[in-house]
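What follows is one structure encoded as structure tokens, with my remarks underneath.
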């Protein structure tokens, strides 16, 4: 109770006790007490309509009168009224026993009446506070963005807020209806819900046990986490994409590192090979030159001179390979187009390798398709260089076998394509050896170097020359069965002697 003044309305024709009540209350509460006496009920009602009273004292029959408003307990009036009914001794019945709002009127005991009035005021103030708190809580629940439902132990709906009604739609929830989703207290569940608007919503539902109106129930709160889930999925996608990018970048870096490491190893191997390749012909030149002054006859002098010449030629070939590769790497290769006789070119290549072929017991044959014309126009020098490299390799890796040079002409929409292949019956290569065959400084099998020699530049040069002529290059090989290397380049076919001469 507050320390403000108390106002009491007494509706009774016999109001002799009014002053005693006033005096008793002032002594007990130390507050100013105003007592208004109105014997007429109608006049009392008028006063109550324009003024608020803390307590109304009236007879039981007055309270039971139909003229007495039922809202005086404070539910429908701006003011607050605590009502104390005054009973005659004969009016006591089972309904009144124990009711603190009623007092046997005769005789009035000031202390008892004072305590009853104070208890009544406190009771109604507590009721008002409770009602206000309940209203506030209801507003919180109703205005809550989360959907809140109360469900009994059988699944029956006891309560739901506006958010729940909006989520499930006007027909989704109804008094006495059943909530069709199982509820387990203490668990959090994600639900896929199609809202009343037809939108897919992901809701996170939490459930706790409560007591509702004296019975066991579950309180379920559903929070819309659709946007959060979308954000999480987006973040997960971004993380996966970024992880994939980083893995690809790491793989690329590893490949670059391995490539650089392999290049360093290959160049080291090339230097070792090159040193040996240079040392052999250079040693032959030096040895023969040293013995020339000591030659005793023409035959010996001629033999030493021939040795010097052959060693010098091999040394020159090695240097030319290095220079050719350097030019190709720098992109400074120049193509010289000319008309030439393909049959004569192939015959000259065959004749130039006869001696080394016979040394390996290898027969070299040339096979030219009937559709291939005598004259073609392309870079004859580059063609010869590629074919010679193929043939030298074929002879080098073939013992007691054959090497066949084939030429065919293939039709193309733009211009004819000349295809040259060199097939041998030599040692062939394994699939692993074939992988790096066109890479510079690499031999199919490094152990081969000890038996056959070479720098590993020849086929790399051939590939770059063919590509410079806008052609393609390839091979097939089987270990122990031999290999076939080929290239195909576009050529121009002269049609008249005048064109050939030009």
Output yes when any residue across the range 167-174 is over 20 Å from residue 229 (Cβ atoms), in contact with a strand residue (DSSP E or B) (Cβ under 7 Å, 6 or more places away or on another chain), at pLDDT 80 or above and not in a helix (DSSP H, G or I), and no when none is. no
Going by the conditions given, is residue 210 in contact with a helix residue (DSSP H, G or I) (Cβ under 8 Å, 6 or more places away or on another chain), under 19 Å from residue 144 (Cα atoms) and not in a loop (DSSP other than H, G, I, E, B)? no
Picking from 122, 211, which residue would you name as being loosely packed, with under 11 Cβ neighbours inside 10 Å, more than 43 Å from the chain's Cα centre (by Cα) and either modelled with pLDDT under 80 or at negative phi (or both)? 211
Would you check if there is a residue in the range 365-381 being at pLDDT below 90 and either surrounded by 22 or more Cβ atoms within 10 Å (Cβ to Cβ) or assigned by TED's automatic domain parsing to the domain that holds residue 429 (or both)? yes
Among (1) buried (at least 21 other Cβ atoms within 10 Å of the Cβ); (2) closer than 15 Å to residue 115 by Cα, which single condition is residue 30 missing? (1)
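Quick one: which residue in 494, 440, 416 is at pLDDT below 90, in contact with a strand residue (DSSP E or B) (Cβ under 6 Å, 6 or more places away or on another chain) and surrounded by 15 or more Cβ atoms within 10 Å (Cβ to Cβ)?
Being at pLDDT below 90, in contact with a strand residue (DSSP E or B) (Cβ under 6 Å, 6 or more places away or on another chain) and surrounded by 15 or more Cβ atoms within 10 Å (Cβ to Cβ) holds for just one of 494, 440, 416, which is 494.
Just give me the residues in the range 13-56 being part of a loop (DSSP other than H, G, I, E, B) and under 26 Å from residue 128 (Cβ atoms), in sequence order.
Hits for the range 13-56 are 30, 31, 32, 38, 51, 52, 53, 54.
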Quick one: what pairs do we get from the range 230-253, first residue over 30 Å from residue 192 (Cβ atoms), second assigned to a helix (DSSP H, G or I), C-beta under 6 Å, 6+ apart or different chains? none
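The values are calculated or read from the model by the stated rules, or taken from the named source; none is laboratory data. Just so we're clear, the structure is a prediction, and the values are computed from it rather than from any experiment. Cβ atoms come from the backbone with ideal geometry, glycine included; neighbour counts cover every protein chain shown.
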